[in-house]
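Data block below; observations after.
Every read-out reported here was derived from the displayed coordinates using simple, explicitly stated rules and does not represent laboratory data. Since we're looking at a predicted model, the values are computed, not measured. Cβ coordinates were reconstructed from backbone atoms using ideal geometry, including for glycine residues, and neighbour counts include every protein chain displayed.
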Amino acid sequence: MQITSPSMSRAAGYLPAIIAEIHRLGCSAGITLRPGTPAIALAPYLEMVEMVLVMTVEPGFGGQSFMAGQLPKITAIRRMMRDRGRDNMLLQVDGGVGSKTAQQVILAGANVLVAGSSVFNAPNGIQDAISGLRALV
């Protein structure tokens, strides 16, 4: 479920109940933040989820350019996780992740990367793209 901020979305009031239901069903829960959603919007929910996904492009279609302005958000979220004793929590990044950006998001604090277009449209093939990303991380 995407929220822009707790005070701006009616859905935010339901989020704890939705997360609780996901857990009741035996699943892990995560929250996604779009580029325009500040890291602080996550604060009330961080202890409730197992993963946070930071979108570094606007969701909707593949092949968009990585938004470097999202790196401070990744760093801030990782810091929030550490401050709460959740150092090993999953912090995933999706959008524009490839050979030129993978190290940046890892250094910012991400520990799960989603690479779509950079892999599937790689000039030397999917296997080379994946091998290249693994070598970087």
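Using only Cα atoms, what Kirkwood radius does the range 64-137 have, in angstroms?
Details: mean 1/r = 0.0782 Å⁻¹.
After inverting the mean inverse Cα-Cα distance, the result is 12.8 Å.
Any idea what angle helix 126-136 forms with the longest principal axis of the chain, computed on alpha-carbon atoms, 0 to 90 degrees, nearest 10?
Taking Cα atoms only, the helix is inclined about 70 degrees.
Multiply the residue gap between GLU58 and ALA135 by 0.36 nm, knock off their C-alpha separation, and tell me the result in nm, one decimal place. Kindly include the intermediate steps, with their values, before the conclusion.
Details: separation 77, 0.36 × 77 = 27.72 nm, distance 2.73 nm.
So the chain would gain 25.0 nm between GLU58 and ALA135.
Note the listed values (i) 17.0, 56; (ii) 13.6, 39; (iii) 15.5, 47, then indicate which one is Rg and Dmax of the Cα atoms in Å calculated from this particular structure.
Here the calculated entry is (iii).
What is the distance, in nm, between label points placed 7 Å from the Cα along the Cα-to-Cβ direction at GLN127 and at THR75?
Inter-label distance under the simple model: 3.9 nm.
Per DSSP H run of at least 4 residues, take -39500 (n - 2.57); add these up for the chain, divide by its residues and hand me the 222 nm value, nearest 500 deg cm²/dmol.
Computed mean residue ellipticity for the chain: -9500 deg cm²/dmol.
With +1 on each Lys and Arg Cβ and -1 on each Asp and Glu Cβ, how big is the dipole of the chain about its Cα centre, in debye rounded to the nearest 20?
The calculation lands at about 220 debye.
Of the candidates PRO59, PRO38, PRO123, which one comes out as most mobile in a Gaussian network treatment of the chain with C-alpha springs shorter than 10 Å?
Among PRO59, PRO38, PRO123, the largest mean-square fluctuation in the Gaussian network model of the chain belongs to PRO123.
Report the full-extension gain for the segment PHE120 to ALA68: residue separation times 0.36 nm, less the Cα-Cα distance, to one decimal in nm. Provide the component values of the computation, followed by the final result.
Numbers: separation 52, 0.36 × 52 = 18.72 nm, distance 2.18 nm.
So the extension gain works out to 16.5 nm.
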